[in-house]
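Coordinate-derived values only; no laboratory data. All figures in this text were calculated on a predicted structure; none of them were measured in a lab. No Cβ is skipped: glycine too gets one built from the backbone with ideal geometry, and neighbour counts run over all protein chains shown.
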Amino acid sequence: MSGLNNVALVIGRILLAALLLIAAYNKFKGYDATIAYFGRLGIPSPNIMAPVTEAFEVICAILLIIGWQTRLVALAVAAFVIVAAGFAHMNFADGNQLNHFLKNVAIAGGCLALFVSGAGAFSLDGRSKA
């Protein structure tokens, strides 16, 4: 793998992680509103699922940044964003919701590409192969 590929992989991991961290931060910032929103979406036990979701996003972001167990984390994040799209972004008559749905599908696609490629040399996964 060329050095440029490794740079692209680390940048991609950081960008995916940034999205997860910002989403978690927004949920933490509006914690009560997040629980209410989860309830309106029909998510079971929203008072439990909100912090679980926030923790998942933060943990996965950290693992992506450091590049540890990247293939497994990428699959988990891909599944997570598809499930989230199914709960929160199915009103395709609303252009904003359609854009959010497509964003989640694109994130899943990026995660699947990361699953196939692996984390690259600039990662804990890459260091363990050296």
Dipole magnitude of the chain, debye to nearest 20 (Cβ charges: Lys/Arg +1, Asp/Glu -1, about Cα centre)
240
Of the convex hull drawn through the C-alpha atoms of segment 84-130, the volume per residue in Å³ is 78
Measure of compaction for the chain (Cα Rg per 2.2 N^0.38 Å)
1.13
Of Asp125, Asp94, how do they rank once you tally other Cβ atoms within 10 Å and put the fewest first?
Asp94, Asp125
Need the C-alpha centroid separation for segment 104-130 versus segment 40-67, integer Å.
20
